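Scroll down for the structure; my scribbles are underneath it.
Only the coordinates and a few stated rules stand behind these numbers; no lab work does. Computed from a prediction, not measured in an experiment: that's the story for all the values here. We place every Cβ from the backbone using ideal geometry, glycine too, and count neighbours over all the protein chains shown.
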Amino acid sequence: MEAAERFAQGDENSVIAHDLRVSVRSVQRWRRPWSQNGPRALASKGPASLPLLSDELFAVLERELAKEPMAHGWPDQTWTLSRIKTLIGRRFHKSYTVQGVAALPKRHGWSCQVPARRALERDEAAVAGWVKETWPSVEEPWRRSTPGPSSRTKPDSR
């Protein structure tokens, strides 16, 4: 709409493009419909493509996702974007990119979440033992107990 105002003022395409930080070619494409139908020709006509899954199909997808990944043949309980992409392809015969799958739930108010419950496969005793016995040897101390060399590349430089 700002470009339409600038067209009415008689500004050149290159000046408008520079000020709006777009290409001159974009300004040329905008000027053509503006000159025929005025500013309303530049109003947004919505997204360039319609969503592949309608609201009704997304409701079906939600029901499928509620069944858990194991019901669809995956070995664990984690829904990943690639798994959701595969499920959409299998169930609806529609092809999404992983980025498209990531945008799909956001459009419907979903967000990334931490699971509400622990994995069925989790062995609490094994986890506790690992934390107590293995983790201290893996974790590096926060600071050295003795002074280190003054140069990391030449240890004998002290």
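May I ask you to compute the full-extension gain from SER95 to GLN28, defined as 0.36 nm times their residue separation minus their alpha-carbon distance, rounded to one decimal in nm?
20.7 nm is the gain from fully extending SER95 to GLN28.
What number does region 58-108 give for Rg over Rh if you use C-alpha atoms and the Kirkwood radius?
Here the Rg-to-Rh quotient is 0.92.
Got a sec to turn the phi values of region 103-112 into Karplus ³J(HN,Hα) couplings, 6.51 cos²θ - 1.76 cosθ + 1.60 with θ = phi - 60°, whole Hz, x for Gly and Pro?
6, 4, x, 4, 4, 9, x, 7, 9, 5
Need one number: nm distance between label points at TRP135 and VAL60, each 7 Å from Cα along Cα→Cβ, rounded to one decimal.
So the two model labels end up 4.5 nm from each other.
Applying the Karplus parametrisation 6.51 cos²θ - 1.76 cosθ + 1.60 with θ = phi - 60° to the phi angles of region 3-11, what ³J(HN,Hα) value in whole Hz is obtained for each residue in order, glycine and proline being reported as x?
Per-residue couplings from phi come out as 4, 4, 4, 5, 4, 5, 6, x, 5 Hz.
Can you work out the Karplus-derived ³J(HN,Hα) for every residue in region 31-45? Use 6.51 cos²θ - 1.76 cosθ + 1.60 with θ = phi - 60°, whole Hz, and x for glycine or proline.
For region 31-45, the Karplus-derived couplings read 5, 4, x, 4, 5, 8, 10, x, x, 5, 5, 9, 5, 4, 9 Hz, x marking Gly and Pro.
Can you divide the C-alpha Rg of region 1-80 by 2.2 N^0.38 Å and report the result to two decimal places?
1.97
For region 1-137, what ratio Rg/Rh do Cα atoms give with a Kirkwood hydrodynamic radius?
Checking Rg against Rh, the ratio lands at 1.27.
Can you give me the long-range amide H partners of TYR96? Hydrogens built in the peptide plane at 1.01 Å from N, cutoff under 5 Å, separation of 5 or more residues or another chain.
Hits under the 5 Å cutoff: none.
Using a cut-off of 22 Å between alpha-carbon atoms, which lysines can reach LYS85, once sequence neighbours fewer than 8 places away in the same chain are excluded?
LYS67, LYS94, LYS106
Would you mind calculating the gained length between VAL15 and VAL127 on full extension (0.36 nm times residue separation, minus the Cα-Cα distance), in nm to one decimal?
Length gained between VAL15 and VAL127: 33.9 nm.
With N residues in region 8-47, what two-decimal value do you get for its Cα radius of gyration over 2.2 N^0.38 Å?
1.17
Three principal axis extents, largest first, for the C-alpha atoms of region 90-135, in Å?
48, 23, 18
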